[in-house]
Every structure is written in structure tokens, then in C-alpha cells.
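The structure appears right after this line, and notes come after that.
The values are calculated or read from the model by the stated rules, or taken from the named source; none is laboratory data. Computed from a prediction, not measured in an experiment: that's the story for all the values here. Virtual Cβ from ideal backbone geometry, glycine too; neighbours counted across all protein chains shown.
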Amino acid sequence: MKRAAAFAAVLAACSADRSAPHIARGNVLVNNGKRDEAAAEYREAARLSTSALPRERLGDTLYDLGRREEALAAYRDAARADPDSTTARIGAARVLADKGDLAGARSELSAALEKAPTNLFLLLSHGNLAARAGDKKAALKDYERAVHLKSDNVPALYQYGLSLLEDGQVPEAGATFDRLLKIAPQSPEGHYGRARYLAARGEKIAAAAELSAATRLVEPDARARLAEQGLKGEALDAAVRETTARSLAAMRDDPMLSDSRPR
């Protein structure tokens, strides 16, 4: 009897949340690349709920649709619904950074870090914004903290290695990229970091070999990561093409490796 009563209570709680079916439908639509329809579902879920979640999902979807101002409004709405939401702060920071308001974006992430000082993604994002703003020492500090928190995290090691290179700590950067590749031998970031490290040392042939390895690994790495996020079918293929093209373009345009590219 107790078990049946508990089960009934769970069902009642689920049925009481009228926004849940809309969020679920929105998630499925996003995974299938139907973002306009997903946004409508998340908007309806937000109307039916005081939770930050549907507002955050709405912001993410509007952002992907290129509707930045509407996305920012949704993230602001999510932050009002839950002042402790790091997701809402991250979303708002992303929009502000796109608009060139780096100070505003850093302020959003600083506020989020006050609530979640050990959040790795927040630390890395905060560091990335500091680097974009030209505050290299602040960026290095953020990346170092991230590595201390999670010493086997590939993005943290990658950003830390690049920041060490920027700071002129070339041997330390090389050791960091070696460590990254020991953890994740198929990481394009690791090989790309090694290419930059070797280029800084003037080892052009070795740098070219590492750059070639990185470019070969970009597409399969992107596909694996995006599939883990739930994308599939045509939506997955499109996202892989976009991510791969963006990564390869960044490598191609890197002035540090201008002498290491194939002729």
C-alpha cells in the first residue's frame, strides 16, 4: 500500500507540472533540427511554469536561430525566475559577448562564479572572455584554476597550454599538451596545441606533422561530441559540417602556424 501511494504521488507531481510535456517535445524537436517549432514549445512551457528551465531552453534555441535580442530577454527572464541559475548567466554572457560587450559578459560570468566557484565551464568561459579582452594574466589564472580543479579535462588543459604559450612559458606549455595527449591521444586540440608549441620552438617540420594530425581528427571528434549531445540524422550532419569547417578555418588562419601548413 505504501509503495502504491508513493507511486501515485509521483504521478500526481508529474501531472501537476503542465510545462513538462512541452519541454520534452521541445527537446525532441531541437535534436531533429526543428528549432522554430521547439521555440514555440519552450515558450508555452515558460508560460505554464515559473521555473528557469524552459526559459533557459528558449534562450538557447533562439540563440541558435540567430535571434540574439530575444535570446537575451529569455535568459534575463530565466535569471529572474532563479537568481542562482548559472545557465542563464552563461547564456546572457554569450549574447553580450557576441554584441561586443565583453565587460558585460565577464560581469555575468563573475556573478555566476560567486554562486558556483568550482564550475569548470564557467571558469573556462570566464578565461576565454578575459583573453578576448586582452587580459592575458586573468585568463591564465582562470585556466590554471580550472586545471587544478580537473587535471584530466581536455578543454581545460588545452586552454591552459595556449595561455602558457601566450605568456612565454613555452616548456610548460609543451608539458601541458603532452599531458593532454596522454589522456586523450585522439584529441585534435592536443595535436593542434603541440603544433603551436613546436612552431614556437622553430621546429617547422614537426609542427606541420602535428597540424596535419589535428586536421584529420577534427571531423570524427566533432561527430562524436555532437552525437553525445543528442543530435542525430540530418541535424547531426549539418552541425558536424559547420563545426568542422569553423575549426579548420581557425587552424588555417592561425598566423603562428603559417610556415607549418602544407604547400
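For residues in the range 68-80 being surrounded by fewer than 18 Cβ atoms within 10 Å (Cβ to Cβ) and not acidic (Asp, Glu), which is farthest from Asp17 (Cα to Cα)?
Arg68
Restrict the check to the range 109-127 and report whether at least one residue is of a type in the set (A, V, I, L, M) and free of Cβ contacts under 8 Å to residues at least 12 places away in the same chain.
Taking every residue of the range 109-127 in turn, none turns out to be of a type in the set (A, V, I, L, M) and free of Cβ contacts under 8 Å to residues at least 12 places away in the same chain.
So, in the range 236-245, exactly how many residues are closer than 21 Å to Asp36 by Cβ and surrounded by 17 or more Cβ atoms within 10 Å (Cβ to Cβ)?
Filtering the range 236-245 for residues closer than 21 Å to Asp36 by Cβ gives 236-239, 241-242.
So of that shortlist, the ones also surrounded by 17 or more Cβ atoms within 10 Å (Cβ to Cβ) come out as 236, 239.
So the count comes out to 2.
Quickly run through the range 25-59 and pick out the residues that are acidic (Asp, Glu) and surrounded by fewer than 24 Cβ atoms within 10 Å (Cβ to Cβ).
Answer for the range 25-59, where residues must be acidic (Asp, Glu) and surrounded by fewer than 24 Cβ atoms within 10 Å (Cβ to Cβ): Asp36, Glu37, Glu44.
If a residue has to be buried (at least 17 other Cβ atoms within 10 Å of the Cβ), modelled with pLDDT of 90 or more and either charged (D, E, K, R) or closer than 24 Å to Asp64 by Cα (or both) to count, how many in the range 213-235 make the cut?
6
Kindly indicate whether any position in the range 169-177 is modelled with pLDDT under 95, assigned to a helix (DSSP H, G or I) and either closer than 18 Å to Asp254 by Cβ or over 20 Å from the mean Cα position of the chain (by Cα) (or both).
First, pick out the residues of the range 169-177 that are modelled with pLDDT under 95: none.
Scanning the range 169-177 turns up no residue that is modelled with pLDDT under 95, assigned to a helix (DSSP H, G or I) and either closer than 18 Å to Asp254 by Cβ or over 20 Å from the mean Cα position of the chain (by Cα) (or both).
Sort through Arg225, Arg252 and tell me the only one that's closer than 19 Å to Gln186 by Cα, of a type in the set (Lys, Arg) and out of contact with any helix residue (DSSP H, G or I) (no Cβ under 6 Å at 6 or more places or on another chain).
Within the list Arg225, Arg252, the selection yields Arg225.
Restricting the search to the range 196-208, which residues are assigned to a helix (DSSP H, G or I) and free of Cβ contacts under 8 Å to residues at least 12 places away in the same chain? Write out each step before concluding.
If we filter the range 196-208 for residues that are assigned to a helix (DSSP H, G or I), which is where we start, we get 196-200, 204-208.
The answer is Ile205, Ala206.
Which one is nearest to Arg179 (Cα to Cα), of the residues in the range 130-162 that are crowded, with 24+ Cβ neighbours inside 10 Å and either modelled with pLDDT under 95 or of a type in the set (Phe, Trp, Tyr) (or both)?
Tyr160
Determine which single condition Ala93 fails, assuming it passes every other condition in (1) surrounded by fewer than 20 Cβ atoms within 10 Å (Cβ to Cβ); (2) at pLDDT 95 or above.
Unmet for Ala93, out of (1) surrounded by fewer than 20 Cβ atoms within 10 Å (Cβ to Cβ); (2) at pLDDT 95 or above: (1).
Out of Leu157, Leu236, which single residue is of a type outside the set (D, E, K, R) and closer than 22 Å to Leu123 by Cα?
Leu157
Could you tell me whether Ala173 is touching a residue at least 60 places away in the same chain (Cβ under 8 Å) and either surrounded by 19 or more Cβ atoms within 10 Å (Cβ to Cβ) or under 30 Å from Leu102 (Cα atoms) (or both)?
No.
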